[in-house]
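Chemist: Have a look at the structure that comes next, please.
Any read-out appearing in this document is the output of simple, stated calculations on the displayed coordinates, not a laboratory observation. All figures in this text were calculated on a predicted structure; none of them were measured in a lab. Cβ coordinates were reconstructed from backbone atoms using ideal geometry, including for glycine residues, and neighbour counts include every protein chain displayed.
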Amino acid sequence: MDGYDIPQGTTIESLLESVAPALHDGLVPDGVPSDSFVVSVHVAGTGAFTVHIRGRAMRVERGENGRPTLWLFTTSRVVERFLEDARGPRRFLPTSPPPHGAVAVLSDPRLLKRVAMASGRMELALRDADGERLSVVLGFGDATRRSVDPDDPDVVVEATMSTIERMLSGVLPPEDALADGEVNVRGNRLLALQLALAVAPFYPAKGPR
């Protein structure tokens, strides 16, 4: 698999069970921490999946098994929109290959280790996706001690497609997006900043705006 390519015919199930592990193996460099992480993924309309990550290895099984390091909730429609984009304009994917050794996927253990230090529930939303609002809700820390609950998150972070594209290209680092008001934050702003600072060291180098 080359870079961020997602094969034609990929379904929600195959994305999680085979494509994501292949991307993880191909884009996570050797020498990353060997800590064990468990991510519970709930896709409304499709089902639950448990993702086991250790270094470059990723194993996915159906169902919810054990207490996760963090959880992710979204809907089948959101994943379908991602797959539609991956087959067409690719606006939701990075625009260039990552530098050698850089974090290239959200499942990278170096990133998970920092994100797991936060505690709470955060909704990340794209508010102008051709008339739709697409969102995912993440839970970490104390939120993993209870069942997955995407309702009434501690903080909601909304951004436009233009802002997302600038962040993916490295032009706009996440902490700058918060500081400059490029994103709309409702709720626990401190939690949003904590997550932005957690991912900042792994973001592409800032280019001209």
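Chemist: Summing -39500 (n - 2.57) over the DSSP H runs of n ≥ 4 in the chain and dividing by its residue number, what mean residue ellipticity at 222 nm do you reach, to the nearest 500 deg cm²/dmol?
Modeler: -6500 deg cm²/dmol
Chemist: Take every Cα pair under 8 Å in segment 1-107 that's 6+ residues apart, average their separations, divide by the length, and report that relative contact order as a whole percent.
Modeler: On the way: 155 pairs, mean separation 30.6, N = 107.
Taking the mean separation of contacting Cα pairs over the length of segment 1-107, I get 29 percent.
Chemist: Let me ask something else about it. For segment 12-202, just the Cα atoms, rotate onto the principal axes and tell me the three extents in Å, largest first.
Modeler: Dimensions of segment 12-202 along the principal axes of its Cα atoms: 37, 37, 30 Å.
Chemist: So, one more: Return the sequence-ordered ³J(HN,Hα) values of segment 151-160 in whole Hz as given by the Karplus equation 6.51 cos²θ - 1.76 cosθ + 1.60 applied to θ = phi - 60°, using x for Gly and Pro.
Modeler: In residue order, the calculated couplings are 6, 6, x, 5, 8, 10, 10, 10, 9, 8 Hz.
Chemist: Of T46, G63, P89, which is farthest towards the positive pole of the chain's charge dipole, taken about the Cα centre with +1 and -1 on the beta-carbons of Lys, Arg and Asp, Glu respectively?
Modeler: Working it through, the farthest residue towards the positive pole turns out to be G63.
Chemist: About the Cα centre of the chain, how large is the charge dipole given +1 on each Lys and Arg Cβ and -1 on each Asp and Glu Cβ? Please answer in debye to the nearest 20.
Modeler: Numbers: 23 positive and 28 negative charges, 80 e Å.
Dipole about the Cα centre, nearest 20: 380 debye.
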